[in-house]
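Working notes, structure below.
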Amino acid sequence: MFRSYVQIFALLLGTAFLLIGSGLHGLLLPLRGNAEGFSVTALGLIGTTWAGGFVAGCIFAPRLVRRAGHVRAFGFFASTAAIVVLLTGLMVDATIWVFLRAITGFAMAGIFMVIESWLNEKATNETRGKIFGLYMMVNYGAVMTGQMLVITGDVAGNSLFMIAAIFFCLALLPTAASKASSPRPLTEVQLDLKKLYANSPVAFVSVILIGIANGAWGTLGAVFGSMSGIDKTTIALMVSFTIAGGALMQIPVGRFSDRIDRRYVMASVAGSAALIGFLIFAIAPNNGTLILMMTALYGSLAYAIYPVAVAHANDHATPETFVKVSGGLLLLYGFGTMLGPLIAAETMNTLWPSALFLVTAVSHLTIAGYAMLRSRKRASPLPSEKEQFQSMAAERPATQESVLLDPRSEAAQEEKANEDSVADTAKAEA
């Protein structure tokens, strides 16, 4: 067991450096953009293009990795991300940032797929759950660390951009020195909308709406904070508290959903998130302490919905379709995160800054209503028939490789290995 952890240490360290840089850069852009007078629409577009680049990376990056190999592809993606961070500090222009952010999204998708593929190669059925848990802990801790680094420098200067780029470069060192072997080719995601909807209408609709809500908050939460008059330290705490709250809430919510109909749990949590969202919209708080309390509560609810929706979909998936279902839902979530920032930006322009939460509240209320509606049309699996709930990263979209790292994919991978073995035998006999 100890040897397994030693083997993945370099990969987890590289992941930590990447996410520290990504967390810092992701928070720095809206703060600097708002200080420079960028429109809310432009800042929303920055989030939309990042999500679009990420989705495109999930689709096309496996082909690049297949041609170049894991090590060289990782170096290409990480160095590209570092260059883009430096360029955003050198060229402070909204149009340029929108374009560059798409490149960052694509590069980050490629980076995470390579890392998750490596981790999956090192994991066994006995260690997969622990490795997945360590990976989630690194995700949460590193992103929050990066966000808190924003308070160490001047948002109006270039030093924080350089620090973020340094972390991207640092990510190259442990992986370059690692003896990790190049695993099998990356999984290419398939999106069959008809089958996804037939498998679970609730999950299909919900993940799009969750993407809209999370994309809106993730992109424009810092803008809401700035326009509400709170300082950058409070803003950094605000976005970090929402992630921490979501990470902590996932476990009790998920375990509860293992015992009863997950749609009831989704409806309850989403309805509660909608209530908090409507309250923030109506009150439009400008007190830092109140904003911290309300957004932390909001995040603990909002970031707990997606894993339950995925678990509900997997309850109805077979081992053969597990990867396709989970991977397809990831893409739907990505499409939602592309829409959310645009919708929220226009709503904030039309009304006032806290209208960001009107968008999230409407999304969550729709999830709650649809989940309850569908609960009358399809019986819930018995607790013994359900897949065990597994927490998921709340602060960023995941890739299809993270699905294979998920302990619930063991049966799917065994099935795929058996199919490959049969195919190889057939070829040898031929």
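The values are calculated or read from the model by the stated rules, or taken from the named source; none is laboratory data. All values derive from a computational prediction rather than experimental measurement. Note that we place each Cβ from the backbone using ideal geometry, even for glycine, and neighbour counts take in every protein chain shown. For the accessible areas, the whole protein counts, side chains as well, though only heavy atoms, and no ligand, DNA or RNA atoms are used. Shrake-Rupley method; radii C 1.70, N 1.55, O 1.52, S 1.80 Å.
Within the range 43-154, considering only helices (runs of 4 or more DSSP H) that don't extend past its boundaries, which have at least 2 residues that are touching a Cys at 6+ places or on another chain (Cβ under 7 Å), within 22 Å of THR337 (Cβ to Cβ) and not β-branched (Val, Ile, Thr)? Outline the logic, then answer.
Numbers: elements: 70-90, 94-122, 128-148.
Because the criterion is at least 2 residues that are touching a Cys at 6+ places or on another chain (Cβ under 7 Å), within 22 Å of THR337 (Cβ to Cβ) and not β-branched (Val, Ile, Thr), no helices (runs of 4 or more DSSP H) in the range 43-154 meet it.
Applying the selection to the range 275-284, what residues are touching a helix residue (DSSP H, G or I) at 6+ places or on another chain (Cβ under 6 Å) and surrounded by fewer than 19 Cβ atoms within 10 Å (Cβ to Cβ)? Break it down stepwise before answering.
Keep residues of the range 275-284 that are touching a helix residue (DSSP H, G or I) at 6+ places or on another chain (Cβ under 6 Å), which gives 276-278, 280-281, 284.
Scanning the range 275-284 gives PHE278, ALA284.
Tell me the residue from ALA107, ALA68 that is farther than 28 Å from THR152 by Cβ and open to solvent by less than 50 Å² (accessible area, probe 1.4 Å), please. Even if it seems obvious, please write down each step before you answer.
Working: ALA107 fails: farther than 28 Å from THR152 by Cβ.
None of the others qualify; the one that does is ALA68.
Does the range 263-284 contain at least one residue that is touching a Lys or Arg at 6+ places or on another chain (Cβ under 7 Å) and over 25 Å from LEU237 (Cα atoms)?
Taking the range 263-284 first, the residues touching a Lys or Arg at 6+ places or on another chain (Cβ under 7 Å) are 263.
If we keep only those that are over 25 Å from LEU237 (Cα atoms) as well, we get 263.
Looking through the range 263-284, at least one residue is touching a Lys or Arg at 6+ places or on another chain (Cβ under 7 Å) and over 25 Å from LEU237 (Cα atoms).
Okay, residues lined up against (1) more than 16 Å from ALA216 (Cα to Cα); (2) modelled with pLDDT under 95; (3) in a helix (DSSP H, G or I); (4) among the acidic types (Asp, Glu):
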| position | (1), (2), (3), (4) |
| --- | --- |
| ALA273 | no, no, yes, no |
| GLY277 | no, no, yes, no |
| LEU292 | yes, no, yes, no |
| VAL310 | yes, yes, yes, no |
| PRO319 | yes, yes, no, no |
| GLY328 | yes, yes, yes, no |
| PHE335 | no, yes, yes, no |
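Would you confirm whether any residue within the range 38-54 is over 22 Å from GLY334 (Cα atoms) and over 22 Å from the mean Cα position of the chain (by Cα)? Break it down into steps so the answer makes sense when it comes.
Step one: filter the range 38-54 for residues over 22 Å from GLY334 (Cα atoms), giving 38-39.
Those left that are additionally over 22 Å from the mean Cα position of the chain (by Cα): 38-39.
Looking through the range 38-54, at least one residue is over 22 Å from GLY334 (Cα atoms) and over 22 Å from the mean Cα position of the chain (by Cα).
Among the residues of the range 1-55, write down those that are modelled with pLDDT under 90, open to solvent by 30 Å² or more (accessible area, probe 1.4 Å) and under 21 Å from MET148 (Cβ atoms).
Within the range 1-55, just LEU13 meets the criteria.
What is the number of the single condition among (1) touching a Ser or Thr at 6+ places or on another chain (Cβ under 9 Å); (2) open to solvent by less than 30 Å² (accessible area, probe 1.4 Å) that THR289 does not meet?
(2)
Being in a helix (DSSP H, G or I) and open to solvent by 20 Å² or more (accessible area, probe 1.4 Å) is the filter; apply it to the range 254-270 and report the residue that is farthest from ILE367 (Cα to Cα).
My answer is ARG255.
Enumerate the pairs (first residue in the range 268-289 and among the hydrophobic types (A, V, I, L, M, F, W, C); second residue anywhere and assigned to a loop (DSSP other than H, G, I, E, B) and open to solvent by less than 70 Å² (accessible area, probe 1.4 Å)) with beta-carbon separation below 7 Å, excluding pairs fewer than 6 apart on the same chain, so at least 6 apart or on different chains.
So the pair list comes out as VAL269/ALA304.
Taking GLY141, is it open to solvent by less than 10 Å² (accessible area, probe 1.4 Å), of a type in the set (Gly, Ala, Ser) and closer than 30 Å to ILE251 by Cα? I'd like the intermediate steps shown before the answer.
Details: open to solvent by less than 10 Å² (accessible area, probe 1.4 Å): no; of a type in the set (Gly, Ala, Ser): yes; closer than 30 Å to ILE251 by Cα: yes.
For GLY141, the condition - open to solvent by less than 10 Å² (accessible area, probe 1.4 Å), of a type in the set (Gly, Ala, Ser) and closer than 30 Å to ILE251 by Cα - is not met.
Take the conditions of a type in the set (S, T, N, Q), more than 28 Å from VAL98 (Cα to Cα), at pLDDT 90 or above and open to solvent by less than 60 Å² (accessible area, probe 1.4 Å) and apply them to SER354. Does it pass?
Details: of a type in the set (S, T, N, Q): yes; more than 28 Å from VAL98 (Cα to Cα): no; at pLDDT 90 or above: yes; open to solvent by less than 60 Å² (accessible area, probe 1.4 Å): yes.
Criteria not met by SER354.
Answer yes or no as to whether GLY299 is among the small types (Gly, Ala, Ser), over 30 Å from THR318 (Cβ atoms) and surrounded by fewer than 24 Cβ atoms within 10 Å (Cβ to Cβ). First the steps, then the outcome.
Values: among the small types (Gly, Ala, Ser): yes; over 30 Å from THR318 (Cβ atoms): yes; surrounded by fewer than 24 Cβ atoms within 10 Å (Cβ to Cβ): no.
Answer is no for this residue.
Condition first: over 22 Å from the mean Cα position of the chain (by Cα) and open to solvent by 10 Å² or more (accessible area, probe 1.4 Å). Can you find one or more residues in the range 333-346 that meet it? Explain how you work it out, then say what you get.
Here is the first cut: in the range 333-346, the ones over 22 Å from the mean Cα position of the chain (by Cα) are 346.
Checking the rest, the ones that are also open to solvent by 10 Å² or more (accessible area, probe 1.4 Å) come to 346.
Yes, that holds for at least one residue.
For (1) under 24 Å from the mean Cα position of the chain (by Cα); (2) modelled with pLDDT of 95 or more; (3) open to solvent by 30 Å² or more (accessible area, probe 1.4 Å), each residue gets a yes or a no:
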| residue | (1), (2), (3) |
| --- | --- |
| GLY153 | no, no, no |
| ALA156 | no, no, yes |
| ALA165 | yes, yes, no |
| SER181 | no, no, yes |
| LEU186 | yes, no, no |
| ASP192 | yes, no, yes |
| ILE212 | yes, yes, no |
